[in-house]
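Since the structure comes first, as structure tokens, the remarks are kept for the end.
The values are calculated or read from the model by the stated rules, or taken from the named source; none is laboratory data. It should be emphasised that the depicted structure is a prediction, and the values quoted were computed from it without experimental measurement. Reconstructed Cβ throughout: ideal geometry from the backbone, glycine too, with neighbour counts over all protein chains shown. What goes into the accessible areas is simple: the full protein's heavy atoms, side chains included, and nothing from ligands, DNA or RNA. Shrake-Rupley method; radii C 1.70, N 1.55, O 1.52, S 1.80 Å.
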Amino acid sequence: MTPSQALLGLVVAAACGGGGGGGGGEERQLVRIDGSPGVAPLVLALADEYRSSAGAASVHVATGLGASARSRAVADRTVDIAMASHGVNPDEIQRLGLAAHEIARTAVVFAVNASVSVTNLAREQICDIYSGRTRAWQLVGGAPGGIVPFMRPATEVDAEVALEHLECLRGLQVPAHVRVHERADEMAEALASTPGAIGVTSMTYVRQSGGRIRAIALAGVAPTPENVASGVYALTRRAMLVTKAAPSPAVDAFLAFIRSEAGARVIRDNGAVPATASR
């Protein structure tokens, strides 16, 4: 998957060719995945890699389902897997005969356009940027230039995580000069294309941007995989897949790939930490 595909949040189908050798006509099994746009880039990368090793399976990933519809869609067999981050209700999962599988943790980061030279910000500096008190990068140790701040809606996961860990952002009335991006892919594209920009995103989008977006260390703590796994870097979101409690063979095979070393390698290469490595 190319960085532009990830940033634009394209819906892709990773169709895996039939097994080699022999005549056989294994029927293709489609694995339908839908849900969180924030989790989708990682799952898209996993599906792309799975293409070369999945035999007759076919994986289709979309991002049209809202949080309230995801579990019900799996229960009703509208989709086979729902992607989620927060808001997975254990009681509902059990009542609907489903299972939730955490596959990774990803750092939520304040990230900047590659044009910005700043590599670290204190929490108070971030809050001053979003309140409008600081509007130029040279005021926080960077090269001269205006700051273009972006934010996600307060109810979205990346913003929720940021607000949880930066007390000075809570209750802040977002000034008019702060542009709010509804979707995670829109935020990533805006960060990649806007000189001087800063915004809240995930390390997966940073890694898939091809160097157009850089993550900022927060109060001297970088969002490295080691710091995420140990809990030293606390701003993280989960990548979860919701399936039937007894998934189909095709779904089970995809989950097995994700849990394999090959799957773990894809997760690490895309800026996340496999669930088994997290604290």
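Full extension of the chain between Ala234 and Ser260 gives 6.8 nm of extra length, using 0.36 nm per residue less the Cα-Cα distance. The helix-only estimate of mean residue ellipticity at 222 nm for the chain, built from DSSP H runs of length n ≥ 4 each weighted as -39500 (n - 2.57), is -9000 deg cm²/dmol after division by the residue total. When the solvent-accessible area of segment 143-232 is split by element, carbon and sulfur atoms take up 55 percent of it, the probe being 1.4 Å.
Between the labelled values (i) 1.01; (ii) 1.18; (iii) 0.96, the entry that holds Rg/Rh (Cα atoms, Kirkwood Rh) as derived from this structure is (i).
The magnitude of the dipole of the chain, with charges of +1 and -1 set on the Cβ of Lys/Arg and Asp/Glu and taken from the Cα centre, is near 280 debye.
Of the residues Ile147, Val109, Ser68, the one whose Cα sits farthest towards the positive end of the charge dipole of segment 43-173 is Ile147 (charges of +1 on Lys and Arg Cβ, -1 on Asp and Glu Cβ, taken about the Cα centre). Remark: segment 25-108 carries 43 Å² of accessible area per residue (probe radius 1.4 Å; ligands, DNA and RNA excluded). Among 124-130, 256-262, 73-79, 156-162, sorting by the average number of other beta carbon atoms lying within 10 angstrom of each residue, highest first, gives 156-162, 124-130, 73-79, 256-262.
Farthest toward the positive end of the dipole of segment 169-223, out of His181, Thr194, Ala217, is the Cα of Ala217, where the dipole comes from beta carbon charges about the Cα centre.
Spatial offset of segment 175-216 relative to segment 35-100 amounts to 24 Å, using the alpha carbon center of each. Segment Arg72..His86, full-extension length gain: 3.4 nm, with 0.36 nm per residue of separation and the alpha-carbon distance subtracted. Put simply, when 192-202, 228-238, 175-185 are sorted by average Cβ atoms within 10 angstrom per residue, most first, you get 192-202, 228-238, 175-185.
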